[in-house]
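Some notes on the structure that comes next.
The values are calculated or read from the model by the stated rules, or taken from the named source; none is laboratory data. In this text, all values refer to a predicted model and were calculated from it rather than measured experimentally. Every residue, glycine among them, receives a Cβ derived from its backbone with ideal geometry; neighbour counts consider all protein chains shown. In case anyone asks, the SASA skips ligands and DNA or RNA and just uses the protein heavy atoms, side chains included. Shrake-Rupley method; radii C 1.70, N 1.55, O 1.52, S 1.80 Å.
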Amino acid sequence: MSNLNINTIRADFPILHQEINGYPLVYLDNAATSQKPRQVIDAVSHYYLHDNANIHRGVHKLSQRATDLYEAARSKVRQFVNANSDKEIIFTRGATEAINLVAQSFVRPKLQANDEILISHLEHHANIVPWQILCEQTGAKLKVIPMTQTGELDLTHFDDMLTERTKILAIGQVSNALGTINPVKTMTEKARAKNIPVLIDGAQAVPHMTVDVQDLDCDFYVFSGHKMFAPTGIGALYGREALLNAMPPYQGGGDMILSVSFDKTIYNELPAKFEAGTPHIAGVIGLGAAIDYMWQVGIDNIAAQEHHLLEIATRKIEALPGVNIIGTAVEKAAVISFMIEGVHPHDVGTIFDQQGVAIRTGHHCAQPVMEFYDIPATARASFAFYNSEEEVDALIHAIQKTQELFA
């Protein structure tokens, strides 16, 4: 259990202090998006109230202040993932755009027909579809690491799947649908031993654990800000500087150039080369504030509190007759997918909402996982460090209430 004072933590999140349908809000949809602490809201608000201007190009004070805030946030992201240089941090709209950037700018120029891209059965659609598009464009093939009934990767034949035709291994660190924590460091080590580049989708990892890209030794790491208490529409790509330098721009426009004529354009240096157009300045500043907040709380404290809630909730759900947890990996983040016998997950979510309990129902943008279990959807409760043991009890009560209604 963590040393956090949950009441003090919850005071930082204004949105949590409201009623839904006459019940206190119990927000357990954190894997979809997290709530924002007042510190992040204030940072974004302060920017718009005092510093709003375009960055990098203005000589006036507001532009200089906005630029300083924007680049300070880049340095925080660099520290947050322990990259070597600020030049290795590219701001994107989120993990999805970052994966598409790597697919089109890094992998596509290397692909020939029958080359292979290796992903896993546990991936979010954002780490499936960009590679499928790339395969359609080039004639490459998509290979998939299988999964087991417990919701873990079946790595029995993983070594054999890494061949001279494999042009990238793209793997999620944590499954958004099941919470499974994948052994990405070991997988990366094996891939790089065969000179296969590795992209890690860390969208579901960064809110819950310390991430060190140098320790992981990956080539690319992507994540979204809104799942780690920052605004929506902002995320980041980490890439090795040498690789980013060798890659062509993903998009063309302002700020990514040094000079333009009708005969020739000279591209800007990193990281500007990959940040065409006016960026989401307020989002970047909010992302920096979110990192400050996580550091203040302590990422180890965050992990401990969420693991505590996961253990309690898992034990209590397992004790309920007629409720099945989908995905029982040994190593999990605080995500519980479950089914209530005789009740469609959509109905589960609706009845929960009537009791003020917000969960996610559906395929969670992981339809291959649903197909593996031969189910249309699950109900998913996902915890953040601001959730309490009382909210676990509210979840259990909502399950029992649903069972009573469908008895």
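When you go through I181, I196, I168, I117 one by one, which is the residue that is closer than 24 Å to A230 by Cβ and of a type in the set (A, V, I, L, M, F, W, C)?
Just a single option satisfies the conditions, and that option is I181.
When you scan segment 87-112, how many residues do you find that are in contact with a helix residue (DSSP H, G or I) (Cβ under 7 Å, 6 or more places away or on another chain) and not polar (S, T, N, Q)?
Result for segment 87-112: 13.
Of everything in segment 153-165 that's within 19 Å of Y373 (Cα to Cα) and of a type in the set (A, V, I, L, M), which residue is most open to solvent (accessible area, probe 1.4 Å)?
Per the criteria, the residue is L155.
Of these, Q367, Q400, which one is in contact (Cβ under 8 Å) with a residue 60 or more places away in the chain and more than 25 Å from the chain's Cα centre (by Cα)?
Q400
Report whether or not A329 is open to solvent by less than 20 Å² (accessible area, probe 1.4 Å) and either assigned to a loop (DSSP other than H, G, I, E, B) or polar (S, T, N, Q) (or both).
Here the answer is yes, as A329 does meet what is asked.
Return the only residue of Y27, Y47 being aromatic (F, W, Y) and farther than 30 Å from E389 by Cβ.
Matching residue, one of Y27, Y47: Y47.
Determine the pairs where a residue that is over 15 Å from Q35 (Cβ atoms), located within segment 2-17, has a partner that is loosely packed, with under 13 Cβ neighbours inside 10 Å and at pLDDT 95 or above with Cβ atoms under 9 Å apart, the partner being 6 or more residues away or on another chain.
Final answer for the pair search is S2/D300.
Conditions first: (1) in a helix (DSSP H, G or I); (2) at pLDDT below 95; (3) not charged (D, E, K, R). G58 passes all but one, so which condition is the exception?
The number of the failed condition is (1).
Within segment 166-262, which strands (runs of 3 or more DSSP E) (wholly inside it) include 1 or more residues that are modelled with pLDDT of 95 or more and either outside the structural domain of K143 (by the TED database) or crowded, with 22+ Cβ neighbours inside 10 Å (or both)?
Those strands (runs of 3 or more DSSP E) span 166-172, 198-201, 220-224, 235-239.
With the requirement that a residue be at negative phi and either assigned by the TED database to the domain that holds N127 or touching a helix residue (DSSP H, G or I) at 6+ places or on another chain (Cβ under 6 Å) (or both), what does segment 349-376 give you?
Scanning segment 349-376 gives I351, F352, Q355, V357, I359, T361, H363.
Within segment 353-363, does at least one residue satisfy the condition of being at pLDDT 95 or above and assigned to a helix (DSSP H, G or I)?
Yes: segment 353-363 contains one or more residues that are at pLDDT 95 or above and assigned to a helix (DSSP H, G or I).
Filter segment 112-152 for residues that are among the small types (G, A, S) and outside any strand (DSSP E or B); which is most open to solvent (accessible area, probe 1.4 Å)?
Taking segment 112-152 first, the residues among the small types (G, A, S) are 113, 120, 126, 139-140, 151.
Subsequent filtering for residues that are outside any strand (DSSP E or B) retains 113, 126, 139-140, 151.
Details: A113: 60, A126: 13, G139: 37, A140: 11, G151: 0 Å².
Top of the filtered list is A113.
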